[in-house]
1. Just the residues that are away from DNA strand C (no atom under 12 Å from the Cβ) and either at pLDDT below 95 or at positive phi (or both), please, taken from the stretch A:2-50.
2. Answer yes if at least one residue in the stretch A:38-57 is among the small types (Gly, Ala, Ser), within 10 Å of DNA strand D (Cβ to nearest atom) and within 14 Å of chain B (Cβ to nearest Cβ), and no otherwise.
3. Can you report the number of residues in the stretch B:144-164 which are within 26 Å of residue B:103 (Cβ to Cβ), in a helix (DSSP H, G or I) and facing chain A (nearest Cβ under 8 Å)?
4. Within the stretch B:121-133, does at least one residue satisfy the condition of being crowded, with 24+ Cβ neighbours inside 10 Å and within 24 Å of residue B:99 (Cα to Cα)?
5. Starting from residues that are of a type outside the set (A, V, I, L, M) and under 17 Å from the mean Cα position of the chain (by Cα), keep the ones in the stretch A:51-87 and report whichever is farthest from DNA strand C (Cβ to nearest atom).
6. State all residues of the stretch B:68-106 that are within 27 Å of residue B:29 (Cα to Cα) and surrounded by fewer than 19 Cβ atoms within 10 Å (Cβ to Cβ); if no residue qualifies, say none.
7. What helices (runs of 4 or more DSSP H), lying completely within the stretch B:165-234, carry at least 2 residues that are at pLDDT below 90 and under 18 Å from residue A:116 (Cα atoms)?
8. Could we say that residue B:130 is basic (Lys, Arg) and either under 22 Å from the mean Cα position of the chain (by Cα) or more than 16 Å from DNA strand D (Cβ to nearest atom) (or both) here?
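The values are calculated or read from the model by the stated rules, or taken from the named source; none is laboratory data. Remember, it's a predicted structure, so these values are computed and weren't measured experimentally. When we count neighbours, we look across all protein chains shown, and the Cβ atoms used for this are built from the backbone with ideal geometry, even at glycine.
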Protein chains: 2
Amino acid sequence: MAERRSAQQRPPLTRAQVVSEALAAIDADGVDALTMRKLADRLGVYPTAVYWHAGNKAALLAAVCEHVLAELELPPVHDGTDWQEWIRAMARAARATLHAHPNIVPVMGGQMQVVPSSFPLVESVLTVLRTAGFEGSRLTDAYNTVIGFVFGWIFGELSAEPTDADADWTEAFRRRLYSASPSATPVLAANLPHLAGQALMLRWESGSTHPLDSSFAMAVDVLVAGLAVVARAT
Amino acid sequence: MAERRSAQQRPPLTRAQVVSEALAAIDADGVDALTMRKLADRLGVYPTAVYWHAGNKAALLAAVCEHVLAELELPPVHDGTDWQEWIRAMARAARATLHAHPNIVPVMGGQMQVVPSSFPLVESVLTVLRTAGFEGSRLTDAYNTVIGFVFGWIFGELSAEPTDADADWTEAFRRRLYSASPSATPVLAANLPHLAGQALMLRWESGSTHPLDSSFAMAVDVLVAGLAVVARAT
DNA sequence: ACCTGAACACCGTTCAAGT
DNA sequence: ACCTGAACACCGTTCAAGT
């Protein structure tokens with residue numbers, strides 16, 4: 001139980017403090033460990049004070065997601081920006097930002113709906129894609145292609161680790177994977193050294209500790225090259 | 001409180017029953033509404049019986065995710081399969097499967113780690129990508145590119161709706177979006193009719209009720225075209 | 001405006017006991 | 001093996017009251 005000084009002895013809490021303390025707690029212990037009560041303790045305050053600033057837990061988590069997204073430093077867009085280079089730089093920046101807060105990423109994945117702080121991101125992506133030749137409803141499709149690809153891919157990379165409690169389950173899977181039948185799954189069996197622990201759905205460690213750098217590099221190559229082809233086909 | 005017949009009067013519960021009842025409950029009411037106790041009620045059983053079959057809640061959710069993934073009907077792979085067509089068909093099948101159970105998808109997104117039932121998927125994707133010209137560590141990268149793209153994109157499309165409780169918040173965002181400054185965000189403002197409610201991060205409805213069909217079509221075009229370019233560059 | 005303090009309904013999980 | 005029954009520690013949230 002944290003020490004709790006009386007309200008008069010310190011400046012009043014702000015919403016921004018609540019949100020960044022929540023993010024710090026999530027970064028440290030994961031999102032499942034975040035509790036309105038524990039957060040209040042960290043802030044030296046009663047749980048109801050958190051409610052006053054944050055509304056409720058869902059709203060607090062949404063605010064944390066927005067705070068993280070706001071940390072994203074977009075590459076500048078100017079006249080003559082190379083759209084392919086810009087998309088590569090944006091993808092790198094997005095990945096760096098999400099890797100800095102991997103524990104909140106699964107929550108962000110479930111909240112990709114309505115994010116006010118995304119306006120600059122939206123505007124930049126649209127501007128750049130227009131120079132690639134997309135317009136009208138195809139501009140929206142291209143935007144969704146890019147955003148869904150970049151963020152969705154990183155969400156997958158950063159999906160949560162199995163908990164410690166699943167240690168034996170993980171071990172069992174590992175064994176089952178290494179004894180994959182060369183007759184039923186020959187290509188898998190032949191490529192095990194490259195795949196095990198490195199391929200999506202065949203890993204037991206999150207991308208936060210085992211980043212998939214070369215795969216992400218190829219994914220971005222594919223995105224940019226594919227966009228170029230599709231833009232030309234208009 | 002559901003009627004609860006005594007244990008002797010009905011056949012014993014199975015793990016499969018527990019898992020599919022959990023999925024049915026999630027499909028109906030969402031994942032937040034699923035409670036070990038409510039699930040037990042649906043099954044006409046005490047909560048501890050659920051624990052006997054499913055271990056704990058995290059394991060139950062993992063089992064539900066695996067069950068959904070097992071529903072995925074992969075297109076057949078044979079000699080002479082066109083890799084581009086196969087990837088398109090697989091992407092469509094994956095999307096259909098996830099759209100059939102949108103409420104569990106955010107959980108799947110956070111669990112994309114270790115999924116035994118994914119072996120056939122892995123084997124098929126690897127086989128097909130080899131015919132496209134990928135080998136060794138680049139085969140793993142190409143696999144991650146495809147899986148991360150297809151599933152990640154759909155995760156984004158199916159991210160959860162804001163709850164009813166956020167109705168006024170949603171309304172406020174909608175208003176803010178429609179009054180987006182043409183000077184600060186000109187391209188956004190000019191394309192609002194296409195974007196509002198249809199672009200990732202600018203929507204207030206999930207892809208389960210408002211599917212992003214044309215965007216997904218373009219995304220798949222981009223993926224396949226980009227893979228072809230990158231494969232050639234080897 | 002901002003916070004304390006107490007309370008309510010509910011939840012995941014465990015343990016002992018039954019059959 | 002499979003389930004009942006009771007219990008524990010904890011949680012999100014609300015409401016009234018203080019300053």
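1. A:30
2. Within the stretch A:38-57, one or more residues are among the small types (Gly, Ala, Ser), within 10 Å of DNA strand D (Cβ to nearest atom) and within 14 Å of chain B (Cβ to nearest Cβ).
3. Residues in the stretch B:144-164 being within 26 Å of residue B:103 (Cβ to Cβ), in a helix (DSSP H, G or I) and facing chain A (nearest Cβ under 8 Å): 10 in total.
4. yes
5. Checked the stretch A:51-87; the qualifying residue farthest from DNA strand C (Cβ to nearest atom) is A:73.
6. B:70, B:71, B:72, B:73, B:92, B:93, B:96, B:97, B:99, B:100
7. B:167-178
8. yes
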